[in-house]
1. In contact with a Ser or Thr (Cβ under 7 Å, 6 or more places away or on another chain) and open to solvent by 30 Å² or more (accessible area, probe 1.4 Å): is that true of K812 in this structure?
2. Within the bounds of the stretch 648-662, is there any residue that is of a type outside the set (A, V, I, L, M, F, W, C), open to solvent by 30 Å² or more (accessible area, probe 1.4 Å) and under 30 Å from E581 (Cβ atoms)?
3. Say we look at the stretch 274-298 and pick out the residues that are open to solvent by 50 Å² or more (accessible area, probe 1.4 Å) and touching a residue at least 40 places away in the same chain (Cβ under 8 Å); which of these is farthest from N782 (Cα to Cα)?
4. Among the numbered criteria (1) over 30 Å from V622 (Cα atoms); (2) open to solvent by 20 Å² or more (accessible area, probe 1.4 Å), which single criterion is violated by G752?
5. Any residue that is in a strand (DSSP E or B) and surrounded by 14 or more Cβ atoms within 10 Å (Cβ to Cβ) - is there at least one of those in the stretch 718-732?
6. Could you list, in sequence order, the residues of the stretch 235-265 that are among the β-branched types (V, I, T) and open to solvent by less than 30 Å² (accessible area, probe 1.4 Å)?
7. Going by the conditions given, is N629 surrounded by 15 or more Cβ atoms within 10 Å (Cβ to Cβ), over 30 Å from V538 (Cα atoms), in contact with a strand residue (DSSP E or B) (Cβ under 6 Å, 6 or more places away or on another chain) and not acidic (D, E)?
Amino acid sequence: MLLNQFRLFILVLCLTGFSFTTMAQNISIEGTVKDTLNRPMEFVSVSVLNTSTGTTTNSDGYYSLGLPTTGNQILVFSFLGFEQQRIEINVVSGEKRTINVFLKPLTTTLPDVEISERQLISSQYIKLDPKLTAIIPGPGNGVENLIKTLPGVNSTSELSSQYSVRGGNFDENLIYVNGIEIYRPFLVRSGQQEGLSFINSSLVSSISFSAGGFDAQYGDKMASVLDITYKDPEEFAGSFSISLLEGSLHLENALLNNKLTYLFGLRHKSNQYLLGTLDTQGDYKPEFTDIQSLVKYRFSKQWELSFLGNFSRNQYLFKPERQDTRFGTVTEVRQFTVFFEGQERDRFLTALGALSLNFKPNPKQTFSITSSVFQTDEIENFDIKGSYLLERVETDFGSSDFGQPTGTPLGAGRFHNHARNYLNAIVWNIEHKGEIDTENNSLRWGLKYQYEDIYDRLNEWTMVDSAGYAIPRQPANSLFLQDTVNTRILLQSSRFSGFIQNSWELERTHGRYILTAGIRSQYWNFNEQWLFSPRATVLYKPFWAPRMVWRISSGYYQQPAFYKELRDFQGVLNPDIKAQESVQVVLGAEYNLQIWGRPFKYTGEIYYKKFENLIPYELDNVRIRYAANNNARGYGTGLDMKINGEFVPGVESWASLSLMKTSEIIKDTYYLDSEGNQVPMGYMPRPTDQRFAFSLFFQDFLPKNPTYKVNLALIYGSGLPITPPSNQKFKNAQYMPPYQRVDIGFSKQLIGSNSSFTDKNPLRYIKSMWVTAEIFNLLEINNTISYLWIKDVGGNLFAIPNYLTSRLINIKLITEF
């Protein structure tokens, strides 16, 4: 009861947090806020920096604000989609002053092109503030942590940066950094192995995300696109951070009259402290290191040469010793105990280099040539044996042995997991892109050639001896074990792709339209298949409802196999594999409104996806195993909603809600009824069928002392479907428990803009310094990532949950200079 009350208190605190505004009676500031076309702007937030004092403009753009104190004050004018403006003033008691402000539309720099905020809306992009990546609490402080709180995005592991979008899997998401496509490791099977993601949040200047219906300029995948742009430095600056889990350093500068600029980032992470909260105890030695650099040289106003480089070394060493897991109900509790021997040694080395030459003869024309090389060398070695015991736990409160194992074994057995897997891959490509803008028109195109060389050696098997379940068999002259793969694969292939896309802007008496239409094409010489993918988006902003925007997107999305989709469970490539297909329709609306006298924006989207030529797969932790056959079709449909704005004056928070269903039907799949007859399986949930999800990112500060802040991230997602072994009748018909997690951080600013130091004090170079105490998994909920299936002596099948991390306290120091 107390725990439930505490959970309710946390949720009420997050959803109803507010600050009281103290109004001074003798100091008054008033004025109007207009856009660059001299039109009054309604609902513009006008606040005093580092206080809870604020107001909003009315329909005439007028505002009136009372200041709480005399002296130096900073007024902040902000509105979604426009550049924030700050004005420093010095006021005295009894003063009345008029300040009129003009706000400029926000411009976001994307690869090789500048796109205004209205175009971002038409392309279904959600734009996020990169500074939030440093303050969102959680084991992984990165861009992906923010993405997981958006509508339509699902994640069931805090140890992984991977996410699924609207029923897709991890391999269906596109990620770009400065126009370069980023690839994820091939052999990773758990979040413990994964390490650092490619994106270094300290180097990021803009984040754009689309959960579906994206434009033809982006690649051939079916789920989402995350587009990252790194900073363009203007002066020397940097930052460093250190915590109990990781440390990072970033430097940037502009030299030679801004002709030469550079970004440099260094990160090191160890999850040893975090992994110590898992049920499996042992010697964890994870070491993840990443170095990145972006160097640009401007020969003239028209010509620019840039280089993006990355080297990453992720190493995971683990010697398990013992696992103690309790599961069940209040009256039926079981304890699963395992004693281990052996170890796991994994290493993932990745490198990327990209050279770009950009030519911009005038502000409305851009041409570029980019060549990039990605290389990965991956090693996954483990030999782990375990002896386990399944026991009943005493649940009688009156017993002296309450909470202790009864000593009567329900089951016992052994298992042995073995792998010697090695993979080397090189991906090289060269690409040309261009853009020509006119007053009401924007034309883009691109051509790309890509060569792929993959050499894979797999040797893995599993033995489970559990009361006669999954015992290894011994055919003549061989040993056949469960999940056996022993193969060598060499794949060399080439791809040709291109796109052309145009945007038109039209204005009529009743509103403004922006139409974006384009087509992609790709040819892969491995299966000799040509692909054509038309896509279109229409934005409508009615004049009769200036706070509302409508948009509809539709397209034919085709995702050709890369490598893993080609390889079946036995490690055999299917040369006849075809691209997976998805026809998508997305209808969305945005509405700007005012709540508590502050600006908010509501966004809603409904979507439908029809899938053909699907490749069935199994999802275990973050590992995806494909059947390597286009023998399925299906659909996905859902509703995504988000409201964001100033729940607390001056800082942005948001809440997201998603409803979704995705199912598939696999050809020639049957189960046997009680009479031995074959019965078709029909539609069944896909492995990523998460029906309900809710997430919240919330910021607040103490009104009288804004140097104290609190940030909270909450994620709730209904469970994913699971299938007991050898039970095809109920494939994906049962579901895991829901994923529930709350992370919270309490911050104190040690050095800020109001700090002053002597000329000899080295701290004078520091712009800001924050110390943060984070509590991971605040409610200490046992979230399940996967199951181990065993049988007891009576033939009953038990699903042993593999729990994720428990509650943990982290201390972090962030400094900018």
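1. Working: in contact with a Ser or Thr (Cβ under 7 Å, 6 or more places away or on another chain): yes; open to solvent by 30 Å² or more (accessible area, probe 1.4 Å): no.
No, not satisfied.
2. For the stretch 648-662, residues of a type outside the set (A, V, I, L, M, F, W, C), open to solvent by 30 Å² or more (accessible area, probe 1.4 Å) and under 30 Å from E581 (Cβ atoms): present.
3. So in the stretch 274-298, the residues open to solvent by 50 Å² or more (accessible area, probe 1.4 Å) come out as 281, 283, 285, 287, 291, 295, 297-298.
Remaining after also requiring touching a residue at least 40 places away in the same chain (Cβ under 8 Å): 281, 298.
Values: Q281: 16, R298: 53 Å.
Checked the stretch 274-298; the qualifying residue farthest from N782 (Cα to Cα) is R298.
4. (2)
5. Looking for residues that are in a strand (DSSP E or B) and surrounded by 14 or more Cβ atoms within 10 Å (Cβ to Cβ), one finds at least one in the stretch 718-732, hence yes.
6. First, the residues of the stretch 235-265 that are among the β-branched types (V, I, T): 242, 261.
Answer for the stretch 235-265, where residues must be among the β-branched types (V, I, T) and open to solvent by less than 30 Å² (accessible area, probe 1.4 Å): just T261.
7. Answer is no for this residue.
To keep it simple, each residue is scored yes or no on (1) in a loop (DSSP other than H, G, I, E, B); (2) of a type outside the set (K, R).
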| position | (1), (2) |
| --- | --- |
| S160 | yes, yes |
| Y176 | no, yes |
| Q193 | no, yes |
| S197 | yes, yes |
| F209 | no, yes |
| Q217 | yes, yes |
| K221 | yes, no |
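The values are calculated or read from the model by the stated rules, or taken from the named source; none is laboratory data. Keep in mind that this is a model prediction, so the values were computed, not measured. No Cβ is skipped: glycine too gets one built from the backbone with ideal geometry, and neighbour counts run over all protein chains shown. Surface areas here come from the heavy atoms of the whole protein model, side chains and all, with no ligands, DNA or RNA. Shrake-Rupley method; radii C 1.70, N 1.55, O 1.52, S 1.80 Å.
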